[in-house]
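Trainee: Have a look at the structure that comes next, please.
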Amino acid sequence: MILSIENSNARLQDYGIQIPLLAERYTKTLEALEQHAKLSQCKDKWLLTANTKPLSREQLLRVHTQSYVEALLSENPLRVMGEVFEFIDSGGHFNERFVEHENNRPLSELVEKRLAHAAGTLVACETALAQGFCYFLGGGAHHAMTTGGRGFCLVHDLLIAVRELQARGQVKTVWVIDLDAHKGDGTAEITIADPSVLTLSIHMQEGWPLDESPLDDQGQLKRCFWPSTVDIPVPIGAESAYLELLRHGLQQLEVCAGGRLPDLALVVDGSDPFEKDVLQSAKLMQLSLEQCVDRTRLVHDWLQERGVPQAYVMAGGYGPENWRVHAGFLLDILPRRIFG
Ligand SMILES: [Zn+2]
């Protein structure tokens, strides 16, 4: 199933935030699927549209600290949003990412919409458990940490969904397989002491977030350096080795799990490794469209061979061409899944 959450695709630009995270990624991917000769005949077989309520305080508190949740849900979350979307510097000044005169809507409304959007990841997991596969046209805030959001990621939708399913007794163990260009550092930090969630991250060996100072103001090791279960740093220029590195990493993950398969796998299908991505901090990985599609297909087929239910989120992807990565994968596997 492809999951589209209809009530929550807020444009950051409507709130004055200038980041090229475009809704076109969702809409153009969906259009490409709708234009497929066979898929267009049976939308009810593969498209699930839903409206979601914002994640609740209780759900947020399973992953994030109380002080962060209160700041997020306050009437004026300007400071929190400024940090997450990096439009306020450490001195409290606005930078060019925030255009105040265009900000004619309250940021608390954006928080509410983002929390409703984040609830889509839980729906995707529920659908994957029931049907084996679900691809959410959104989600994937893998940089959010216990103490707060960062790197354009407001709340950790993936682990909030996992905690909810664990609380209901619907899953015990989960794997998070992260293909975004940037290390899934929030996922690693939140699950560091949790054997029920194993994490794999294949990412740029250098650059953000790994190029930040390893120590904070108190001289403590920063959390972005906390390890995933399996980390696969890809050196600059090593794109041709990517698939083999990923294949090896998946084998390592299985070994780390002692050969036991999880109840659910979450795949963070970031499209920012794509060579046409426009974000400066994603430039150190330059996969072709074919390589991007191949890597997600590799994970899909590997999980399918093992009978593991799989839920996908889009995570990072910046600029007008990124939808091609998501559409390319889905146009390949969806007809196979539906028509055999
Ligand atoms: Zn990214």
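The values are calculated or read from the model by the stated rules, or taken from the named source; none is laboratory data. Computed from a predicted structure; not experimentally measured. We place every Cβ from the backbone using ideal geometry, glycine too, and count neighbours over all the protein chains shown.
Trainee: Taking residue 247 and the conditions (1) more than 21 Å from residue 326 (Cα to Cα); (2) away from the ligand (no atom under 16 Å from the Cβ); (3) not in a loop (DSSP other than H, G, I, E, B); (4) not small (Gly, Ala, Ser), which numbered condition does it fall short on, given that it satisfies the others?
Mentor: Unmet condition: (1).
Trainee: Let me ask something else. Could you list, in sequence order, all residues of the range 113-146 that are among the charged types (D, E, K, R) and either within 23 Å of residue 322 (Cα to Cα) or modelled with pLDDT under 95 (or both)? Can you show your working first?
Mentor: Let us first name the residues in the range 113-146 that are among the charged types (D, E, K, R), namely 113-114, 126.
Of everything in the range 113-146, those that are among the charged types (D, E, K, R) and either within 23 Å of residue 322 (Cα to Cα) or modelled with pLDDT under 95 (or both) turn out to be 113, 114.
Trainee: Which pairs turn up if I take residues in the range 274-302 that are within 23 Å of residue 207 (Cβ to Cβ) and of a type in the set (Asp, Glu) and look for partners that are within 13 Å of the ligand (Cβ to nearest atom) and part of a helix (DSSP H, G or I) with beta carbon separation below 8 Å, at least 6 apart in sequence or on another chain?
Mentor: Filtered contacts from the range 274-302: no entries.
Trainee: Of all residues in the range 213-231, which are touching a Phe, Trp or Tyr at 6+ places or on another chain (Cβ under 9 Å) and modelled with pLDDT of 70 or more?
Mentor: 229
Trainee: List pairs: first residue in the range 234-249 and in contact (Cβ under 8 Å) with a residue 40 or more places away in the chain and of a type outside the set (Gly, Ala, Ser), second residue surrounded by fewer than 13 Cβ atoms within 10 Å (Cβ to Cβ) and assigned to a helix (DSSP H, G or I) anywhere in the structure, Cβ distance under 8 angstrom, at least six positions apart or on different chains.
Mentor: Qualifying pairs under 8 Å: 234/241.
Trainee: Out of all the residues in the range 280-319, which are over 16 Å from the mean Cα position of the chain (by Cα) and aliphatic (A, V, I, L, M)?
Mentor: Residues satisfying the conditions are 284, 285, 287, 289, 293, 298, 303, 308.
Trainee: Among the candidates 277, 294, which residue alone is within 16 Å of the ligand (Cβ to nearest atom) and over 21 Å from residue 227 (Cβ atoms)? Spell out the reasoning first.
Mentor: Numbers: 294 fails: within 16 Å of the ligand (Cβ to nearest atom).
Testing whether each residue is within 16 Å of the ligand (Cβ to nearest atom) and over 21 Å from residue 227 (Cβ atoms) leaves just 277.
Trainee: Right, here's the next one. Determine which member of the set 141, 128 is assigned to a helix (DSSP H, G or I) and crowded, with 16+ Cβ neighbours inside 10 Å. First the steps, then the outcome.
Mentor: Details: 141 fails: assigned to a helix (DSSP H, G or I).
Sole residue among the options that is assigned to a helix (DSSP H, G or I) and crowded, with 16+ Cβ neighbours inside 10 Å: 128.
Trainee: For the range 31-77, how many residues are part of a strand (DSSP E or B) and under 20 Å from residue 161 (Cβ atoms)? Quick ask: steps written out before the conclusion?
Mentor: Of the residues in the range 31-77, the ones part of a strand (DSSP E or B) are 47-50.
Then keep just the ones that are under 20 Å from residue 161 (Cβ atoms); that gives 48-50.
Result for the range 31-77: 3.
Trainee: I would also like to ask the following. Looking at this structure, is residue 70 of a type in the set (D, E, K, R) and within 16 Å of the ligand (Cβ to nearest atom)?
Mentor: On the way: of a type in the set (D, E, K, R): yes; within 16 Å of the ligand (Cβ to nearest atom): no.
Considered against the rule, which asks whether it is of a type in the set (D, E, K, R) and within 16 Å of the ligand (Cβ to nearest atom), residue 70 comes out as no.
Trainee: Here's a follow-up. Just checking, does the range 147-156 include any residue being among the hydroxyl-bearing types (Ser, Thr, Tyr), at pLDDT below 95 and surrounded by fewer than 20 Cβ atoms within 10 Å (Cβ to Cβ)?
Mentor: If we filter the range 147-156 for residues that are among the hydroxyl-bearing types (Ser, Thr, Tyr), which is where we start, we get 147.
Narrowing the set further to residues that are at pLDDT below 95 leaves 147.
Narrowing further to those that are surrounded by fewer than 20 Cβ atoms within 10 Å (Cβ to Cβ): 147.
Yes, there is a match, as at least one residue in the range 147-156 is among the hydroxyl-bearing types (Ser, Thr, Tyr), at pLDDT below 95 and surrounded by fewer than 20 Cβ atoms within 10 Å (Cβ to Cβ).
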